[in-house]
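Worksheet for the structure shown next.
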Amino acid sequence: MDLLDTLTAKGLRGEAPTREEALAVLATTDDELLDVVAAAGRVRRQWFGRRVKLNYLVNLKSGLCPEDCSYCSQRLGSKAEILKYTWLKPDQAAEAAKAGVAGGAKRVCLVASGRGPTDRDIDRVADTISAIKDADPAVEICACLGLLSDNQAERLKAAGADAYNHNLNTSEGTYGDIATTHTYADRVDTVQKAHGAGLSACSGLIAGMGESDEDLVDVVFALRELGSDSVPVNFLIPFEGTPLAKEWNLTPQRCLRILAMVRFVNPDTEVRIAGGREVHLRTLQPLGLHLANSIFLGDYLTSEGQAGQADLDMIKDAGFEVEGAGEATLPRHRADVAAAVATGGACGTGGGCGPCGGHGEASGDAAGEEEAGGGAHGCGPCGGHAVAAPAENAAESAAESAAESAAENPNDELRSDLVRVRRRGAGTELAPNA
Ligand code: SF4
């Protein structure tokens, strides 16, 4: 196929496809799917070999969020029966992280629900980073705490954080349909703050919220422009008790096409299969490893993943290997760019570090203290939605649009049996899954 030859050649050179070519990947048929995977797999192997980076989530603070991200089980008004707890103590978080590292995780992702951290929250996370790094200095730490205020990224960097996650989630044009308590520009601002402070920027998307192919391509190109070093691709986990509970729009084949498109647009960037891997890729998960070079080990923030040992077995059986602590994740030319940013040099892929649009009321301090404090992020397994809704009745409109979407959707089988709320690990007395 000419398209795939073109995309492979560009990807091997580290170049992005055109927007039309990216859309064409999403429009390929099931008969063409293995050819698409093989082509994107060549690009993946060019830059990342057969390595798979393992990441481990520690949910420092679960639920209790005042934001209204419609995909999220921790959102304001969520009826999802998830674990709810406030900040883990540093030693509790370090204990949870230890389990992930022992299972092979190279990066630990410290996540807290809420609009954004207060300065006191930054102190707590700094203590947690110290506790983890004291036990194992080689562990990479990524913080995911919501919208950042001025100087908070610098403080996290000084505390030893390596990266900051804040997902764009969907296109700018549809962002107002999935959340009304903060804006797309707020999210861009936080990614830029993190990048500007010398933290590796981790920012990704959620697929399956009723978005169009154009929306998916828009957000993936936006992430490339932002210079994200790692791109988590979440597949919506439609939690019962959230507005998007009925949004079962994805098939395993569709997920593979999305991952292939993300790989072609970001050939030399870490692409991570994030929340929803087991729920939506199901038995095709191993094919996803030919496209992504990174996954989460074990459980997600509020839902359970497959057993950590099953992740390790899958990687081995598919002919891949777990990336070691001493191995660089990014290709040399990307790592050099990250180092230049960290030392105040030039920004990477063009478009990352300049001043950006509205932050406004998004600051963590302005949002208030402790659990009353606001929040606006979106790391692990999330949900999302479709059609534009006025702010005052977004949830109802989302539910209606979900019902309409399900009625139109040939893949509308509701598989809520596949969603398992997390009942072990951080915040419980039970051992983590790693
Ligand atoms: S994604 Fe983050 S900010 Fe949004 S509702 Fe969930 S926890 Fe709150």
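Values quoted throughout were computed directly from the atomic coordinates according to the rules given, and no laboratory measurement underlies them. Please read these numbers as outputs of a predicted model, since none were measured by experiment. Note that we place each Cβ from the backbone using ideal geometry, even for glycine, and neighbour counts take in every protein chain shown.
Remarks
- Scanning segment 13-42 for residues that are of a type in the set (A, V, I, L, M) and surrounded by 16 or more Cβ atoms within 10 Å (Cβ to Cβ) turns up 16, 22, 23, 24, 25, 26, 33, 36, 37, 39, 40.
- Residue that is surrounded by the fewest Cβ atoms within 10 Å (Cβ to Cβ), among those in segment 48-79 that are away from the ligand (no atom under 11 Å from the Cβ) and assigned to a loop (DSSP other than H, G, I, E, B): 79
- Members of segment 88-117 that are crowded, with 18+ Cβ neighbours inside 10 Å, away from the ligand (no atom under 12 Å from the Cβ) and in a loop (DSSP other than H, G, I, E, B): 88, 103, 104, 105, 106
- If you go through segment 180-209 and keep only what is buried (at least 24 other Cβ atoms within 10 Å of the Cβ) and not in a helix (DSSP H, G or I), you end up with 182, 199, 200, 201, 202, 203, 204, 205, 206, 207, 208, 209.
- Of the criteria (1) small (Gly, Ala, Ser); (2) in a loop (DSSP other than H, G, I, E, B); (3) under 23 Å from residue 118 (Cα atoms); (4) away from the ligand (no atom under 15 Å from the Cβ), which one residue 16 fails: (3)
- Failed condition for residue 45, given (1) of a type outside the set (Ser, Thr, Tyr); (2) within 16 Å of the ligand (Cβ to nearest atom); (3) surrounded by fewer than 18 Cβ atoms within 10 Å (Cβ to Cβ); (4) closer than 23 Å to residue 104 by Cα: (2)
- Every condition in (1) among the aliphatic types (A, V, I, L, M); (2) crowded, with 19+ Cβ neighbours inside 10 Å; (3) farther than 24 Å from residue 13 by Cα; (4) in contact with a helix residue (DSSP H, G or I) (Cβ under 7 Å, 6 or more places away or on another chain) is met by residue 301 except one, and the failing one is (4).
- The lone exception for residue 9 - which of (1) in contact with a Gly (Cβ under 8 Å, 6 or more places away or on another chain); (2) free of Cβ contacts under 8 Å to residues at least 24 places away in the same chain it fails: (1)
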